[in-house]
Number of protein chains: 2
Amino acid sequence: MSRAASIKDVATHAQVAVGTVSNVLNNPDRVSKRTKDRVLQAIDELGFVRNDAARQLRAGHSRTIGVVVLDVGNPFFTSLVRAAEDAAAMNGSAVLLGDSGHDANRESHYIDLFQEQRVQGLLISPVGDVADRLEALRQRGVPTVLVDRRADEDRFSSVSVDDDAGGYLAARHLLDLGRRKLAFVGGPLSIRQVSDRLLGARRAVDEVDGATLEILDSDGQSVLAGRGLGNSLVDRGAGDMPDGIFCANDLLALGVMQSLTMMNGVRIPEDVALIGYDDIDFAVSAVVPLSSIRQPTDAIGRTAIELLTEELDAQHPQHRAVVFTPELVVRHSTAGADAPH
Amino acid sequence: MSRAASIKDVATHAQVAVGTVSNVLNNPDRVSKRTKDRVLQAIDELGFVRNDAARQLRAGHSRTIGVVVLDVGNPFFTSLVRAAEDAAAMNGSAVLLGDSGHDANRESHYIDLFQEQRVQGLLISPVGDVADRLEALRQRGVPTVLVDRRADEDRFSSVSVDDDAGGYLAARHLLDLGRRKLAFVGGPLSIRQVSDRLLGARRAVDEVDGATLEILDSDGQSVLAGRGLGNSLVDRGAGDMPDGIFCANDLLALGVMQSLTMMNGVRIPEDVALIGYDDIDFAVSAVVPLSSIRQPTDAIGRTAIELLTEELDAQHPQHRAVVFTPELVVRHSTAGADAPH
DNA sequence: TCGTAACAATGAAACGATTCAACGACGGCG
DNA sequence: CGCCGTCGTTGAATCGTTTCATTGTTACGA
């Protein structure tokens, strides 16, 4: 329980100056083998471990990067975190993780915290309006890369997916199957990803005569929320059911699917065609394998880190907005079946 | 891009001493309203943000706790991380996250890193043999709580689940259905959780005359690995198939299920009864809703943090080993069906 | 009017690492 | 023999905060 050994203790023990110990650690070639060995032995004997706080106080910044995600439970962000971790580990730094849970207050709290920690850079998938705060950070030399949200290229780099295009893809696919009475399940619409997907879907529907799009606002993005919405759909009776449903994410879609097929005997895709978004691993192993819109998650994570690294290295970095295009994955939940009747 | 404002800059700007600024921040009541307002205004004008490195250098420790998990992608750990985050946020600290990916080297790397960061405490789900390193940490006043591994109570607190009991539950359930030719799917067996589950299963099988247990070692814990093993099972021909399969986790089980039902026409549970482990969210929405063994993940996360907090607060903490008992969840993949024939 | 509490504010010391100007020892060269 | 350059080592200064003994101010009671 005794106080941890400092570089000074090591110096005393090895009978050298503190500067020499520091050199052994940071510039080994400047030190003769004899003294180096002696110092290393002292370090070993005392179990000395560098105090990073002192280091970064001197250096003016830490060796961590901050990552603020909307939800660590979401596979999309999990993959981002993993990519960030790997990249950080490469150059001996670590990741400070914050889960905002779609809550602007928590998000703000994490930005504060990370700023106090003097993170080198920030990866954030923003909830609230944080542009000003991030701008302030940027001016102090802390670059930020926005994830899953397109940014003004003058100020930040960003990596995002074209959600409008994804929404269009999904709705268009349902329409191509001959479905006309579509429903969009997702919410809250205040989340930009959700509203963009809806926008794209609306665009597709507007292109086809006689096609309609009903909006079912869910409060949450969970399987449970989807199940609830599915039940309320069934309660309306068969005549009033849509024949194509587009869910803003796969969890919702799986919930809707459970409700319709398992609890209420609605056939997918015969009665209702169903498509989700994100193409999570489990989409393929659902009751009815789920069609979905795939986002290149790994590429997004890698790219985000690349952009951040660029900004960290360059003096006057070019900001870049990388936009990935999502991809339609057709499975049984929309496959082959013609429109009902 | 100018250097960040320090407490000294604030002091100058507000025309007070540095100690006063510090007091405004840490002991507001000791400062008169007049000066406090002046200081706060200066802080605002300069955009001053505390430098936590200096703070913790003085304090001797950081305000972070380290969490090392086997795999952030695993929902079990995700829930742990979330619990840790919430608890940390409560008292103004943050979580440093490390994903060891079942790799002892990476694990060791993270312990080093976190030690340099002077984390207040450590939550770890260990891969390699790290007892000595953790013991060294403990002696320096950095408490550790082991997650998902039972620890010697003299040295560490731990939170775990009785995997042997879980394995027994699963196998016993299959035997109770009348199945006799069981297979255990999981690996690598070097992972203690996996081998314990196998041990429990073996115990159950040994209790029943004429029951056999075949071991299918998988190299990985993914849906894909499960699918591969499922395919190789089918290749052996119908006569050589087990009639009950116990998978060491749900991902494997879902993979096996996909392979058997969708690609090879084997009926679950009629031909083969299947049970997984972990009861992840998706178990219920599989092609055939999957029976599983549920671990109380939230309680585990919360308890881990509680134990850590206890150790942080107490001078001479009692170490405690909390063991949760898993629970059988019966769904269609093992439901009702009698043995084949 | 003086003494003394109570309260505010001060500023130097300490935390532990890194950096860098300065120093000593040594060898080679003229 | 003296000069110079190289190499290895030294130790003081620095980073930004907190802490705490000290000083200054005010008000109040004797």
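The values are calculated or read from the model by the stated rules, or taken from the named source; none is laboratory data. All figures in this text were calculated on a predicted structure; none of them were measured in a lab. Using ideal geometry, Cβ is built from the backbone for each residue, glycine included, and neighbour counts are taken over all protein chains shown. These area figures cover heavy atoms from the full protein model, side chains too; ligands, DNA and RNA do not enter into them. Shrake-Rupley method; radii C 1.70, N 1.55, O 1.52, S 1.80 Å.
Which numbered condition in (1) at the interface with another protein chain (Cβ under 9 Å from one of its Cβ atoms); (2) under 23 Å from residue B:109 (Cα atoms); (3) away from DNA strand D (no atom under 16 Å from the Cβ) is the only one that residue A:61 fails?
(3)
Which ones in region B:54-80 are touching a helix residue (DSSP H, G or I) at 6+ places or on another chain (Cβ under 8 Å) and hydrophobic (A, V, I, L, M, F, W, C)?
Answer for region B:54-80, where residues must be touching a helix residue (DSSP H, G or I) at 6+ places or on another chain (Cβ under 8 Å) and hydrophobic (A, V, I, L, M, F, W, C): B:54, B:57, B:65, B:67, B:68, B:69, B:70, B:72, B:76, B:80.
Hey, among the residues in region A:197-230 that are more than 15 Å from residue A:255 (Cβ to Cβ), surrounded by fewer than 21 Cβ atoms within 10 Å (Cβ to Cβ) and among the charged types (D, E, K, R), which one's farthest from the other protein chains (Cβ to nearest Cβ)?
A:209
Need a quick list: strands (runs of 3 or more DSSP E) entirely within region A:152-237 having at least 2 residues that are touching a Pro at 6+ places or on another chain (Cβ under 7 Å).
Once the strands (runs of 3 or more DSSP E) in region A:152-237 are filtered for at least 2 residues that are touching a Pro at 6+ places or on another chain (Cβ under 7 Å), what remains is A:181-185.
Within region B:101-111, work out how many residues are at the interface with chain A (Cβ under 9 Å from one of its Cβ atoms), over 14 Å from the mean Cα position of the chain (by Cα) and open to solvent by 20 Å² or more (accessible area, probe 1.4 Å).
2
What pairs come up if the first residue lies in region A:311-323 and is of a type in the set (A, V, I, L, M), the second is open to solvent by 100 Å² or more (accessible area, probe 1.4 Å), and their beta carbons are under 6 Å apart, counting only those six or more places apart or on different chains?
From region A:311-323, the pairs are A:321/A:150.
Suppose the filter is open to solvent by 60 Å² or more (accessible area, probe 1.4 Å), within 11 Å of another protein chain (Cβ to nearest Cβ) and more than 9 Å from DNA strand D (Cβ to nearest atom); does residue A:3 pass it?
In short, yes.
Considering only residues that are of a type in the set (A, V, I, L, M, F, W, C) and within 14 Å of another protein chain (Cβ to nearest Cβ), look in region A:6-40 and name the one that is nearest to residue A:120 (Cα to Cα).
Only one residue fits best here, namely A:25.
To keep it simple, each residue is scored yes or no on (1) closer than 16 Å to residue B:298 by Cβ; (2) outside the structural domain of residue B:281 (by TED's automatic domain parsing); (3) at pLDDT 85 or above; (4) surrounded by 22 or more Cβ atoms within 10 Å (Cβ to Cβ).
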residue	(1), (2), (3), (4)
B:68	no, yes, yes, yes
B:71	no, yes, yes, no
B:79	yes, yes, no, no
B:86	yes, yes, no, no
B:94	no, yes, no, yes
B:99	no, yes, yes, yes
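Being over 25 Å from residue A:25 (Cβ atoms), within 14 Å of chain A (Cβ to nearest Cβ) and surrounded by fewer than 21 Cβ atoms within 10 Å (Cβ to Cβ) is the filter here, so list the residues in region B:116-134 that pass it.
Result: no residue meets the conditions.
Which residue is surrounded by the most Cβ atoms within 10 Å (Cβ to Cβ), if the candidates are limited to region A:41-52 and must be under 27 Å from residue B:54 (Cα atoms), away from chain B (no Cβ under 11 Å) and out of contact with any Asp or Glu (no Cβ under 9 Å at 6 or more places or on another chain)?
A:43
If residue B:55 satisfies every condition in (1) within 14 Å of chain A (Cβ to nearest Cβ); (2) without any contact (Cβ under 8 Å) to a residue 40 or more places away in the chain; (3) more than 11 Å from DNA strand D (Cβ to nearest atom); (4) open to solvent by 60 Å² or more (accessible area, probe 1.4 Å) but one, which is the exception?
(3)
So residue A:229 passes all but one of these: (1) free of Cβ contacts under 8 Å to residues at least 24 places away in the same chain; (2) touching a strand residue (DSSP E or B) at 6+ places or on another chain (Cβ under 7 Å). Which condition number does it fail?
So residue A:229 meets the others, but not (1).
Under the condition of being more than 8 Å from DNA strand D (Cβ to nearest atom) and without any contact (Cβ under 8 Å) to a residue 24 or more places away in the chain, which residue from region A:6-20 is surrounded by the fewest Cβ atoms within 10 Å (Cβ to Cβ)?
Residue satisfying both the conditions and the ranking: A:8.
For region B:61-71, does any single residue satisfy the condition of being under 23 Å from residue B:117 (Cβ atoms) and within 14 Å of DNA strand C (Cβ to nearest atom)?
yes
Within the group A:267, A:331, which residue is buried (at least 18 other Cβ atoms within 10 Å of the Cβ), without any contact (Cβ under 8 Å) to a residue 60 or more places away in the chain, closer than 23 Å to residue A:229 by Cα and of a type in the set (Lys, Arg)?
A:331
Starting from residues that are modelled with pLDDT of 90 or more and assigned to a loop (DSSP other than H, G, I, E, B), keep the ones in region B:131-151 and report whichever is farthest from residue B:188 (Cα to Cα).
Per the criteria, the residue is B:142.
I'm checking my understanding of the structure. Among residues of region B:270-295 that are farther than 23 Å from residue B:198 by Cβ and at pLDDT 90 or above, which one is most open to solvent (accessible area, probe 1.4 Å)?
Among those that are farther than 23 Å from residue B:198 by Cβ and at pLDDT 90 or above, it is B:270.
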